[in-house]
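Take a look at the structure below.
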Amino acid sequence: MHINYDFADLEAFLAVKETGSFHMAAQRLALSQSSVTRRVQKLEQALDSVLFERTTRRVRPTLAAKRLHARAEAMLEDARETVGAMRDESVAFAHQRSLVVTLATIPTVVANLVTPALGSFRAAGHRSRIRILDHAANAVSEAVAQGEADFGICSISSLEPNTGFEHLFDDRIVLAVRDDHPLAAQDMISWRSLEEQDLILPARGTGNRTLIDEEIARMQGALTWTMEAERSSTALALVSGGAGVALLPLSALRALCPDRVSWRPLSDPVISRPVGLVSRNGQTDTPPIAALKHAIRSARHAPPFGTWLTAGES
């Protein structure tokens, strides 16, 4: 069965029946009298029933109108309750969304940058829930660009055209070595001294690997890798087990360094990855998002993180 009337038609019908006049019904509904007439006629056609007997002096409801009255009231009341409930749910959903901040971040900065920032965020009285997406740099940028995250902390400055990058600090690439490894006795490691080592590199396609590959290319093939690892924690586990030495960002060593493993700076050249906040262009931050960004900016200057940076690593 095709239903060819709507709630506005029912409202017009009830207004006419309750006022006994098309003119007064039009005034109640803030419509023209002709509009009310058309709506009632549409309902009559849909129901194939005459609802009002019209004379020059009065409008009398028919038996069909009397039978429809209670049902029309019930349908409109159900409709109003449904609309009200949906609006309440929408408001509640929007409210819940405003209480959740989604941060996409590279894992290596979680321990020493994100965690202290969250502590400051809470200490300032903010109670928003925080959803953390730990991704590789390119996935962080994509999550922000696609709206999956409110903002991100990334180590590649420009990946998506609709995002902007706010530089926080430079994260130096260093060498992770086991304490009993011969290179651990040196205060500074040259790239050339890595030629005969079992070298563990980040996986291809990551920002860290791109920086390292550029330096390897400059050395014209004198340096080759032995193993690749997707995550810094995996590379450090390999170093701890004596499988080789690893080129990693310093933040990974600060956060994840296992027992018996330490780091040494590399020279000639010193290479670093830029780390910063990634946001969608044109986005207006909610107060919780702005507050968390502020806490992250502040955390980079606070000890011990800020002390490491001022020690020549930024």
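The values are calculated or read from the model by the stated rules, or taken from the named source; none is laboratory data. These numbers were taken from a predicted model, which means no experiment stands behind them. When we count neighbours, we look across all protein chains shown, and the Cβ atoms used for this are built from the backbone with ideal geometry, even at glycine. For accessibility, only protein heavy atoms count, side chains too; no ligands or nucleic acids. Shrake-Rupley method; radii C 1.70, N 1.55, O 1.52, S 1.80 Å.
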> Binning every alpha carbon pair distance of the range 46-85 at 5 Å from zero, what are the percents per bin?
Replying inline: 6, 22, 18, 18, 16, 11, 7, 3, 1
> Going by alpha carbons, how many degrees (0 to 90, nearest 10) lie between the helix axis of 7-19 and the longest principal axis of the chain?
Replying inline: 40 degrees
> Which three extents, in whole angstrom, do the alpha-carbon atoms of the range 149-234 cover along their principal axes, largest first?
Replying inline: 46, 28, 22
> If you bin every alpha carbon distance in the range 214-297 into 10 Å steps from zero, what whole percent lands in each bin?
Replying inline: 13, 33, 27, 19, 8, 0
>> Quick query: amide H of residue 171 versus all other amide H atoms, modeled in the peptide plane; which residues come in under 5 Å with a sequence gap of 5 or more or a different chain?
In response: 273, 275
> Could you give me the ³J(HN,Hα) list for the range 173-187, computed from phi with Karplus coefficients 6.51, -1.76, 1.60 and θ = phi - 60°, whole Hz, x at Gly and Pro?
Replying inline: 7, 10, 9, 8, 9, 6, 4, 9, 7, x, 5, 5, 7, 9, 7
> Just going by the charge dipole of the chain, with Lys and Arg at +1 and Asp and Glu at -1 on Cβ, which of 147, 41, 244 is farthest out on the positive end?
Replying inline: 41
> DSSP loop trypsin sites (Lys or Arg not before Pro) in the range 102-154 with at most 13 other Cβ atoms within 10 Å of their Cβ, which ones?
Replying inline: 127
>> Can you tally the net charge around residue 104? Count Lys and Arg as +1, Asp and Glu as -1, for every other residue whose Cβ sits under 11 Å from the Cβ of residue 104.
In response: -3
> Taking N as the number of residues in the chain, what is its alpha-carbon radius of gyration divided by 2.2 N^0.38 Å?
Replying inline: 1.75
>> Given points 7 Å out from each Cα along the Cα-Cβ axis, report the residue 86 to residue 46 separation in nanometres with one decimal.
In response: 1.6 nm
>> Residue by residue through the range 245-253, what is 3J(HN,Hα) from phi via Karplus (6.51 cos²θ - 1.76 cosθ + 1.60, θ = phi - 60°)? Round to whole Hz and write x for glycine and proline.
In response: 10, 10, 8, 9, x, 4, 4, 5, 5
>> Only four residue types carry charge here, +1 at the Cβ of Lys and Arg and -1 at the Cβ of Asp and Glu. Report the dipole size of the chain about the Cα centre in Debye, rounded to the nearest 20.
In response: 1860 debye
> Applying the Karplus parametrisation 6.51 cos²θ - 1.76 cosθ + 1.60 with θ = phi - 60° to the phi angles of the range 266-278, what ³J(HN,Hα) value in whole Hz is obtained for each residue in order, glycine and proline being reported as x?
Replying inline: 9, 10, 6, x, 8, 10, 9, 9, x, 10, x, 8, 10
> What FRET efficiency comes out for the pair residue 286/residue 73, r = Cβ-Cβ distance, R0 = 41 Å, nearest 0.05?
Replying inline: 0.45
> So which trypsin sites (Lys or Arg not before Pro) in the range 147-229 pass both tests, a DSSP loop state and at most 12 other Cβ atoms within 10 Å of the Cβ?
Replying inline: 204
>> At a threshold of 8 angstrom on Cα-Cα distance, excluding pairs fewer than six apart, so keeping six or more, what relative contact order does the chain reach in percent?
In response: 20 percent
> In whole angstrom, how far apart do the alpha carbon centroids of the range 95-164 and the range 221-290 sit?
Replying inline: 18 Å
> With Cβ to Cβ distances under 12 Å as the rule, what net charge do the other residues near residue 178 carry (K, R +1; D, E -1)?
Replying inline: -2
>> Probe radius 1.4 Å, ligands and nucleic acids ignored: give me the carbon and sulfur share of the accessible area of the chain as a rounded percent.
In response: 51 percent
> Among 55, 105, 115, which one moves the most in a GNM of the chain with springs linking Cα atoms closer than 10 Å?
Replying inline: 55
> Taking Cα atoms, how many degrees apart are the long axis of helix 33-47 and the longest axis of the chain, rounded to 10 and kept between 0 and 90?
Replying inline: 90 degrees
> Can you give the accessible area per residue of the chain, in Å², using a 1.4 Å probe?
Replying inline: 53 Å²
> Nearest 20 debye, what's the magnitude of the dipole of the range 1-70 about its Cα centre given +1 on Lys and Arg Cβ and -1 on Asp and Glu Cβ?
Replying inline: 320 debye
> Where Rh is the Kirkwood radius over the Cα pairs of the range 1-76, the temperature 10 °C and the viscosity 1.306 mPa s, what D in µm²/s does Stokes-Einstein return?
Replying inline: 130 µm²/s
>> Run through the range 205-261 and list the GluC sites (Glu not before Pro) located in a DSSP loop whose Cβ has at most 16 other Cβ atoms within 10 Å.
In response: 230
